[in-house]
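The values are calculated or read from the model by the stated rules, or taken from the named source; none is laboratory data. Keep in mind that what you see is a predicted model, and the values were worked out from it rather than measured. With ligands, DNA and RNA removed, areas are computed over all heavy atoms of the protein, side chains included. Shrake-Rupley method; radii C 1.70, N 1.55, O 1.52, S 1.80 Å.
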Amino acid sequence: MTADGTGTGPAPLQVSVVALPDAVVSTLTGIFDVLNAFELMDIGPAGARPPFHVRIVGEAEGLLGLASGVPITVQRAIDGIDTCDVVIVPSVLLRASWQKARYPRLVEWLRAMHERGAVLCSACSGLFLLAGTGLFDDR
């Protein structure tokens, strides 16, 4: 990507990686790093745009302590994101049980993103948050 943010080729896919208190830090940061590798490592033809624009999103911007106690910076609050192409929920630490209505704001936002065309993905146990959307009911 060029210094002014322009480049050649298709616009990058807008990817939101969801940070929530039960998230496993290694999965969240691993997904972020892999999808961001094109930009971080300057991979690809000179002047080409990276394939992804990745951001860590959550209920509020700022530091968020994850399941292990390690904090992560939420770059964008979900209230400020109207659309994106891909949403990825990282693994979550499953304690004794998972409460379906544990994160209602995130679930509503996930449902809205799906309705607006986003592909919803999860890593492993992140599926528990996605299941709360009802999109997998009767499947």
Convex hull (Cα only) mean projected area of the stretch 1-82, reported in nm² to one decimal: 5.8 nm²
The stretch 22-139, accessible area per residue, ligands and nucleic acids excluded (1.4 Å, Å²): 55 Å²
Enclosed volume per residue, in Å³, of the convex hull spanned by Cα atoms of the chain: 122 Å³
Equivalent ellipsoid dimensions for the stretch 87-139 as semi-axes, Å, which come from the Cα gyration tensor, largest first: 18, 12, 10
Cα long-axis angle, helix 25-40 against the chain (0 to 90 degrees, to the nearest 10): 20 degrees
Within the accessible area of the chain (1.4 Å probe), percent carbon and sulfur: 58 percent
